[in-house]
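The values are calculated or read from the model by the stated rules, or taken from the named source; none is laboratory data. Only a predicted model underlies this, so the values are computations on that prediction, with no experimental measurement involved. Glycine gets a Cβ as well: all are built from the backbone with ideal geometry, and neighbour counts include every protein chain shown. These area figures cover heavy atoms from the full protein model, side chains too; ligands, DNA and RNA do not enter into them. Shrake-Rupley method; radii C 1.70, N 1.55, O 1.52, S 1.80 Å.
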Amino acid sequence: LAGLPQGTFASEVTVENDKVQVTREIDGGLQTVELTLPAVITTDLRLNEPRYAKLPDIMKAKKKPLDVKSPADLGVEVASRLTLAKVESPAERKGGIKVGSVDELVDKLKNEAKVIS
């Protein structure tokens with residue numbers, strides 16, 4: 001929909017200048033595709049191995065200063081480009097009915113709802 005090249009289920013991603021090589025696992029082995037940037041890339045769960053932080057490292061990180069930046073500092077515009085065309089309530093539905101037996105249910109499905117022939 002965005003008109004951008006895409007690489008899906010990437011297990012390895014290599015960026016070189018304005019190109020990106022995406023390697024993905026397929027039934028027959030590995031497939032490598034080369035895309036021009038900007039591109040949309042989805043990743044496989046095996047792309048990265050999780051790192052587990054040690055408690056001393058967490059305590060050190062708490063003491064480090066946190067730089068707060070706005071989107072404007074990064075040159076990003078966050079204004080909405082969507083317009084609301086209209087809002088309307090869904091159509092009213094008739095209430096359901098209870099039937100006394102399976103035969104009555106089958107009769108109503110055949111004759112009233114016409115979903116069974």
*What's the number of the condition residue 58 fails, among (1) in a helix (DSSP H, G or I); (2) open to solvent by 80 Å² or more (accessible area, probe 1.4 Å)?*
(2)
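Please determine, by comparing only the residues of segment 1-11 that are farther than 13 Å from residue 33 by Cα and open to solvent by less than 90 Å² (accessible area, probe 1.4 Å), which one is nearest to the chain's Cα centre (by Cα).
Selected residue: 2.
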*Please find, among 32, 14, 43, the residue that is at pLDDT 90 or above and open to solvent by 60 Å² or more (accessible area, probe 1.4 Å).*
32
*Looking at residue 91, is it more than 30 Å from residue 20 (Cα to Cα) and open to solvent by less than 100 Å² (accessible area, probe 1.4 Å)?*
yes
*Got a sec? Which of 78, 115 is within 27 Å of residue 1 (Cβ to Cβ) and touching a helix residue (DSSP H, G or I) at 6+ places or on another chain (Cβ under 7 Å)?*
78
*How many residues, within segment 95-117, are charged (D, E, K, R), assigned to a loop (DSSP other than H, G, I, E, B) and at pLDDT 90 or above?*
1
*Any residue at all in segment 64-87 that is in a helix (DSSP H, G or I) and among the small types (Gly, Ala, Ser)?*
yes
*Residues located in segment 28-55, provided they are in a loop (DSSP other than H, G, I, E, B) and among the aliphatic types (A, V, I, L, M)*: 37, 39, 45, 47, 53
